[in-house]
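Q: I have a structure I would like to understand better, so I am pasting it below and will then ask my questions one at a time.
The values are calculated or read from the model by the stated rules, or taken from the named source; none is laboratory data. Keep in mind it's a predicted model, so treat the numbers as computed, not measured. Cβ atoms come from the backbone with ideal geometry, glycine included; neighbour counts cover every protein chain shown. Ligands, DNA and RNA are excluded from the accessible area calculation, which covers all protein heavy atoms including side chains. Shrake-Rupley method; radii C 1.70, N 1.55, O 1.52, S 1.80 Å.
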Amino acid sequence: MKKTGSLEQLADALKRLPGVGPKSAQRMAYHLLQHDRAAASELGYALLNAVDRIRHCASCNTFTEAELCETCQDDDRDPRLLCVVETPADQMMIEQTLTFKGLYFVLMGRLSPLDGIGPKDIYLDKLISRATNGLVEEVVLATNFTNEGEATAHYISETLKSRGLRVSRLARGVPVGGELEYVDAGTIARAMLDRRTT
């Protein structure tokens, strides 16, 4: 069996990043070692530090270094509203809109039976416990509009509605600044169906 060298191990590790193929990983590895060893050391330290210190928030399941994340500790947030998202990146995008003042629950994925991802893999029990804590009045489902995201939203919606919770779904539509000519037909159709009176 051939022993893998350090360079190959580095390239193999970089290939695990989303959107990075073998050639890109090899280029990154060579660049770091040839032109920027200080950055390579900094990257290695930052990764080890993050893996060692970052964990899931005990309440919303997002990434944090403390027991509770900053959002869950914020007394100005409305505990009656709970927004369910797939990833911490989705949570960050909603936060950047400055339109949601409630709290979150991060699934860390979505249902995908073909990939072997079921309800336990998306922390459904923890979500149910959080949503039925007596404070939450409405759960806003903000999963992605993919087949898996839609299936996840439907499954969670049915599960929570059966427990007497009000559940809403993030609306779909034409993006701000989007010209109808360049928007796909499915998005326009959904925007038409989800239209509201003004």
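Q: Just need the Rg to Rh number for the stretch 78-186, please, alpha carbons only, Kirkwood Rh.
A: Numbers: Rg = 14.5 Å, Rh = 14.7 Å.
Taking Rh as the inverse mean 1/r over Cα pairs, Rg/Rh reads 0.99.
Q: OK, next. Amide H to amide H under 5 Å from Ile117: which residues, 5+ apart in sequence or cross-chain, H placed 1.01 Å off N in plane?
A: Residues meeting the criterion, in which the H sits 1.01 Å from N, are Ser112.
Q: While we're here: What list of ³J(HN,Hα) values in whole Hz, one per residue of the stretch 16-33 in order, does the Karplus curve 6.51 cos²θ - 1.76 cosθ + 1.60 (θ = phi - 60°) give from phi, with Gly and Pro shown as x?
A: Karplus-based 3J(HN,Hα) across the stretch 16-33 equals 6, 6, x, x, 10, x, x, 5, 4, 4, 5, 4, 4, 4, 4, 4, 4, 6 Hz.
Q: Let me ask another. Describe numerically, in nm with one decimal, the distance between label points set 7 Å from Cα along Cα→Cβ at Glu181 and at Ala66.
A: 5.1 nm
Q: Could you please state how large a percent of the accessible area of the stretch 48-198 is carbon and sulfur, counting protein chains only and using a 1.4 Å probe? Mind showing how you got there, number by number?
A: Working: 5120 of 9610 Å².
Ligands and nucleic acids excluded, carbon and sulfur give 53 percent.
Q: Can you compute 3J(HN,Hα) from phi for each residue in the stretch 50-66, using the Karplus curve 6.51 cos²θ - 1.76 cosθ + 1.60 with θ = phi - 60°, rounded to whole Hz and x for Gly and Pro?
A: Along the stretch 50-66, the couplings run 5, 4, 6, 9, 8, 9, 8, 4, 5, 9, 9, 6, 6, 7, 7, 9, 9 Hz.
Q: Next question, about the same structure. Against the longest alpha carbon principal axis of the chain, how many degrees, from 0 to 90 and to the nearest 10, is the axis of helix 6-15 turned?
A: 20 degrees
Q: With point charges of +1 on the Cβ of Lys and Arg and -1 on the Cβ of Asp and Glu, referenced to the Cα centre of the chain, which listed residue (Gly21, Gly109, Tyr155) lies farthest in the positive direction of the dipole?
A: Farthest towards the positive pole: Gly21.
Q: Between Ala39 and Ser162, what is the label-point separation in nm under the 7 Å Cα-to-beta-carbon projection?
A: If labels sit at Ser162 and Ala39, their model points lie 5.2 nm apart.
Q: I would also like to ask the following. Just the number, please: Stokes-Einstein D of the chain in µm²/s, Kirkwood Rh from C-alpha pairs, 37 °C, 0.692 mPa s. Before the final figure, lay out the partial values.
A: Working: Rh = 19.9 Å.
Estimated via Stokes-Einstein, D reaches 165 µm²/s.
Q: List every residue whose amide H lies under 5 Å from the amide H of Arg169, counting only residues 5 or more places away in sequence or on a different chain, with H placed 1.01 Å from N in the peptide plane.
A: Here Leu141 satisfy the definition.
Q: I want the local charge near Phe100. Using Cβ-Cβ distances under 13 Å, sum +1 for each Lys or Arg and -1 for each Asp or Glu among the other residues.
A: My count for the surroundings of Phe100 gives -3.
Q: Show that you can apply the helix-only estimate: for the chain, add -39,500 (n - 2.57) for every DSSP H stretch of four or more residues, divide by all residues, and state [θ] at 222 nm to the nearest 500. Intermediate results must be reported in sequence, preceding the final value.
A: Details: 8 runs with 87 residues, N = 198.
Helix-only estimate at 222 nm: -13500 deg cm²/dmol.
Q: Spelling out what I want: for every residue of the stretch 102-118, take phi, set θ = phi - 60°, compute 6.51 cos²θ - 1.76 cosθ + 1.60 (Karplus), and round to whole Hz; glycine and proline get x.
A: Couplings: x, 10, 10, 9, 9, 6, 6, x, 8, 4, 7, x, 5, 9, x, 9, x Hz.
Q: Treating the angle as unsigned and between 0 and 90°, give the value, to the nearest 10°, between the Cα long axis of helix 88-97 and the longest Cα principal axis of the chain.
A: So the helix axis and the longest Cα principal axis differ by about 60 degrees.
Q: Could you do me a favour and compute the accessible area per residue for the stretch 54-120, 1.4 Å probe, result in Å²?
A: On the way: 3830 Å² over 67 residues.
Normalised by residue count, the accessible surface of the stretch 54-120 is 57 Å².
Q: What order do Met108, Met28, Met92 take when sorted by accessible area (1.4 Å probe), most exposed first? Don't jump to the answer; show the numbers that get you there.
A: Values: Met108 55, Met28 75, Met92 100 Å².
Correct descending sequence by accessible area is Met92, Met28, Met108.
Q: Here's another thing I want to ask about it. Antiparallel versus total DSSP beta bridges in the chain: what percent is that, nearest 5? Show your work: numbers first, answer last.
A: Values: 3 of 16 bridges.
Rounded to the nearest five, the antiparallel share is 20 percent.
Q: Starting from a Cα-only point model with no solvent, please compute log10 I(q)/I(0) by Debye for the stretch 1-85 at q = 0.14, 0.21, 0.23, 0.26 1/Å.
A: Once normalised to I(0) and log-transformed, intensities are -0.70, -0.98, -1.08, -1.24.
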